[in-house]
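The values are calculated or read from the model by the stated rules, or taken from the named source; none is laboratory data. All values derive from a computational prediction rather than experimental measurement. Don't worry about glycine lacking a Cβ; one is built from the backbone with ideal geometry, like all the others, and counts go over all protein chains shown.
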Amino acid sequence: MEKLANCRKFGGYPHENAALFIAEFESYATLHNISPLDDNRIIAALHLHLTGPALTWFNSLSSENKASWEAIVHLFTDKYVDLDWQNPTVMLDSEIFENMSLSSGQSIDNFIANLWKKANTLKKPDHEILVKFIKGLPEQLAFFVRAGHHRDSPSALAAAKMGEAYGYRKAELQVAAASKQAKPSDKRDLSSPPYSHK
């Protein structure tokens, strides 16, 4: 017998894509001939694919809620797929996404992978990822990418790599506040008090 594909487990953590998990799980159930109409089998299979907070959530459901697959999918979607923008974790992820930028020494691939991961959690459309990606690049490299008028993040990524190869990725210079040096005439004799009368 051929080994059938497995389905990854879902823990209910913010970095996990719940919509992708439930879609993959339904494909897994179809592949294993578990009908969505057979509530007991498909719910039992889901139970075996949950870990961590998601398993705790599942175990806390009432028996009425566990009676139908349709009810489980609805509750799962409410809990893990639909974002609650008041949730502190979602707010934090959103803040992190808005402040992401390419660090010196960080590869462009790593930067966009992190960006895609946060965007996936926050369900950001590609045009927002594209804008954030370009804004997160060093000035000369961002200009090079913008000049190409790219319509999606993968093409902007390719342009950024090309710009890096051409030498447009230069470390942003940090401007330090220079302290004003005193003129020789402004220097006082520190050995005498400032208000001494001679």
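Please verify whether V73 is surrounded by 12 or more Cβ atoms within 10 Å (Cβ to Cβ), farther than 30 Å from E139 by Cα and within 29 Å of the chain's Cα centre (by Cα), treating the condition exactly as stated. Yes.
Within segment 1-19, how many residues are of a type in the set (A, V, I, L, M) and without any contact (Cβ under 8 Å) to a residue 12 or more places away in the chain?
So the count comes out to 1.
Can you find, within segment 31-68, the residue that is surrounded by the fewest Cβ atoms within 10 Å (Cβ to Cβ) among those that are aliphatic (A, V, I, L, M) and assigned to a loop (DSSP other than H, G, I, E, B)? Here the residue is L37. The single condition from (1) within 24 Å of A119 (Cα to Cα); (2) in a helix (DSSP H, G or I) that E16 fails is (2). Applying the criterion of at least 3 residues that are among the acidic types (D, E) to the helices (runs of 4 or more DSSP H) found wholly in segment 69-138 leaves 88-98.
What number of residues in segment 110-151 are among the acidic types (D, E) and either farther than 22 Å from E95 by Cα or free of Cβ contacts under 8 Å to residues at least 24 places away in the same chain (or both)? The number of residues fulfilling the criteria is 1. Applying the selection to segment 80-100, what residues are surrounded by 15 or more Cβ atoms within 10 Å (Cβ to Cβ) and without any contact (Cβ under 8 Å) to a residue 40 or more places away in the chain? If the condition is that a residue be surrounded by 15 or more Cβ atoms within 10 Å (Cβ to Cβ) and without any contact (Cβ under 8 Å) to a residue 40 or more places away in the chain, then S94, F97, M100 are the ones that fit. Could we say that H74 is modelled with pLDDT of 95 or more and not small (G, A, S) here? Against the criterion (modelled with pLDDT of 95 or more and not small (G, A, S)), H74 does not qualify.
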